[in-house]
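Heads up: the structure comes next, in structure tokens.
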Amino acid sequence: MKGRRTEQLFQILSEGGYSTADELAEKLGVSNKTVRNTIKELEKELEGKGAAVRVKYGSGYTLECDDGGDLEKLRRELFPEEPAAYCPETPEERICYLAQYLFYTDNYVKMDTLSELMFVSKRVLSDDLKKVEKIFARHHLTIERKPGYGIRVEGDEFDKRLCIAELVTRRSGVIMKDDRKELETVSACIERAFRKYDFEVNGIMLDSLIMHICIALERIRQGHYVDMPVNPEDYEKNESLYDQSRLVAEEIVRELEEAFHIDFPESEVGYIAIHLSGKADVEGALESGNLVISEEVNSVVTEMLRSVYDAFQVDFMEDLELRMSLCRHLVPLSIRLEHNINMRNPLLEDIKEKFTLAYAMALQASTVLNRQSGKQMTDDETGYIALAFALALQRKQTGPPKKNILLVCASGRGSAQLLKYKCMEEFGRYVGKMEVCDVNQVPNVDFADIDYVFTTVPIQYHVPVPVREVQYFMGEKEVGDIRRLFCRADGVIEKYYSRDLFIPSLKAADKWEVIRRMCDVAAEKRHVTEEFYQSVVERERLAKTAFGNLVAMPHPYKAQQGDPFVCVAVLENPIRWETGQGTGSEEEVQVVFLVSLDAGVGDELQKFYDITSRLMLSPKYIQKLIRHRSFDQLVSSLKQLDEGDGE
């Protein structure tokens, strides 16, 4: 290890100029004392080589060759090229590497050894270790410290493998060796077993299964086995699915034993069966008659749909397709939750961005699962449930609210009717009724049911609704502009957002103080009761409301009576916002949208979530809001996004 650090020092000093001990310590990631010791080692290496470390008071150290010698040639002579050992560089790489080393080291390891191994100071190592401990905690693993001996990871082998899988996903190839031939062999073994028993999983879940089996192979080679019963009582509820998975697991193990000449104990067969149960294509099992959706699962889905109705006033109770989709999903999901098996969702960010209302509904529905299982649903799992709600919303979609139009022409019923026909042809799906009048008749028109006026001539009278001048023969651009006009969120911004519910600078110590103070403002301005605050707190404790990008969106567990509103607060400084009860995870938040929806918001709900989510997910507009801290900036950003201004 010292040779590598000495070479790094040689490289830095040979770049020209002087570097102080502090600067060298920072570049090498070590202490000043270690820098001085490494300089002594380098000086020994340079003896008789025509080069030396020079020291200049007030400037630091540099490296010089006598008689203009070649420093690069000297470096190659002193430090000949060898097969490079992997050395982590970024914080993320260091965290994964440190976890890997602890997983694959049975004995205690001292901090000094880890510091030397990773070429970092003890302070940096200590910070990295705290982050590793947070990852371990999610999998019920701990770091045991023994004075004089060092540290080691403690926990169940099953949990260790799940943690390794998370780290593989975070940093592919760091934890598990990248053996392409082994991956292909494992894949072939699985494929043959699946074919024999007509067992199916989707592509994402197949990749996950291959990864878990490769991790199991590596752990078994090192003498680490899972300790679990052959027939877990936990799976009585899903007995038919587990029995099928068990048969397939036994076949996979037979294939693996033949391919790799490794003996798998019975417990490892159960381990693979559990992963198969958590990844199975339940729809295929239902069609083949191997699985029956229990009344208990159906009851859970009913409670999920009721929870969504309570919060959003959108009724999915009679949507049989959604109900069956959720039932099918819950069978393997319950197994994954039971054993903390996370299923990565590569579409997660797209789902959050494009199906924000569906994702919000999935978060609400997941509170039922969180409460029943005692586990916190991951974002990945929530994303899969959101897809089911997105399809259900699409089936419900009736299109934007239809608008009533008044067409104003100079004169002549023939030309007016021609324009009306053209408008109905182009915009009929957006129009409720379309009336026609001459410009001189405008003062006598009752505008109570009119949303827009389209006119071919200037109107000199006051008109209480938006007016747009159009041509008799509209071009493609004008038609496109009018279509966008119909699709805009007219009235939605004004209905939900108001100046008296904008807090430009809120000082608070934690999220509970933020929620309390924002609810107090809502109580003052909108006369909501203490029940509103209690409902927001209940929802916050059940599932996450922090969406990333410094934004959180708390809301009541049940929709409240009264007019809908959004109270927006920009915090003086970012705070740590816990993302769920008992998870130990948190995100930074500086902008909070406290949302209250009333009963029967109907078609406006989709539009509200669409425009609001675009703001919440936009770093550009959120940073603008934080800088300017004004209601005008908020409304301006919402309108720009509504009109199609992207990133």
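The values are calculated or read from the model by the stated rules, or taken from the named source; none is laboratory data. Because the structure is a prediction, the values reported are computed rather than measured. Cβ placement follows ideal geometry from the backbone for every residue including glycine, while neighbour counts extend to all protein chains displayed. For the accessible areas, the whole protein counts, side chains as well, though only heavy atoms, and no ligand, DNA or RNA atoms are used. Shrake-Rupley method; radii C 1.70, N 1.55, O 1.52, S 1.80 Å.
Data for the structure
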| read-out | value |
| --- | --- |
| Residues being in a helix (DSSP H, G or I) and not basic (K, R) - total across segment 506-528 | 11 |
| One residue from T34, T62, T20 being modelled with pLDDT of 80 or more and out of contact with any Gly (no Cβ under 7 Å at 6 or more places or on another chain) | T34 |
| Number of positions in segment 303-316 that are farther than 19 Å from P564 by Cβ and open to solvent by 50 Å² or more (accessible area, probe 1.4 Å) | 2 |
| Test: residue in segment 581-603 that is closer than 25 Å to T529 by Cα, surrounded by 19 or more Cβ atoms within 10 Å (Cβ to Cβ) and at pLDDT below 75 | yes |
| Options E435, E469: the member that is open to solvent by 80 Å² or more (accessible area, probe 1.4 Å) and touching a strand residue (DSSP E or B) at 6+ places or on another chain (Cβ under 6 Å) | E469 |
| Helices (runs of 4 or more DSSP H) lying entirely in segment 225-301 (those with 1 or more residues that are touching a Gly at 6+ places or on another chain (Cβ under 8 Å), at pLDDT 65 or above and under 24 Å from I204 (Cα atoms)) | 239-260 |
| Residue that is modelled with the lowest pLDDT, among those in segment 343-359 that are in contact with a helix residue (DSSP H, G or I) (Cβ under 6 Å, 6 or more places away or on another chain) and open to solvent by 30 Å² or more (accessible area, probe 1.4 Å) | R344 |
| Selection count where residues are open to solvent by 10 Å² or more (accessible area, probe 1.4 Å) and part of a helix (DSSP H, G or I), scope segment 378-399 | 11 |
| Breaking point among (1) open to solvent by 10 Å² or more (accessible area, probe 1.4 Å); (2) modelled with pLDDT under 90; (3) of a type outside the set (F, W, Y), for T612 | (1) |
| Count - residues of segment 320-330 that are surrounded by 19 or more Cβ atoms within 10 Å (Cβ to Cβ) and either closer than 13 Å to T302 by Cβ or more than 27 Å from the chain's Cα centre (by Cα) (or both) | 4 |
| Subset of segment 529-553 that is among the hydroxyl-bearing types (S, T, Y) and assigned to a helix (DSSP H, G or I) - its residue that is modelled with the highest pLDDT | Y533 |
| The listed residue being part of a helix (DSSP H, G or I), over 30 Å from D227 (Cα atoms) and open to solvent by 20 Å² or more (accessible area, probe 1.4 Å), out of E64, E116 | E116 |
| Qualifying residues in segment 328-377 (those that are small (G, A, S) and assigned to a helix (DSSP H, G or I)) - the one farthest from E200 (Cα to Cα) | A360 |
| Candidate set from segment 1-57 (those that are assigned to a helix (DSSP H, G or I) and small (G, A, S)); member that is nearest to K122 (Cα to Cα) | A25 |
| Within segment 119-152, tally of residues that are open to solvent by less than 10 Å² (accessible area, probe 1.4 Å), of a type in the set (A, V, I, L, M, F, W, C), modelled with pLDDT of 90 or more and touching a helix residue (DSSP H, G or I) at 6+ places or on another chain (Cβ under 6 Å) | 2 |
| Residues of segment 302-319 that turn out to be assigned to a helix (DSSP H, G or I) and within 26 Å of the chain's Cα centre (by Cα), as a count | 10 |
| Residues of segment 1-21 satisfying the condition of being touching a helix residue (DSSP H, G or I) at 6+ places or on another chain (Cβ under 7 Å) and open to solvent by 90 Å² or more (accessible area, probe 1.4 Å) | M1, K2 |
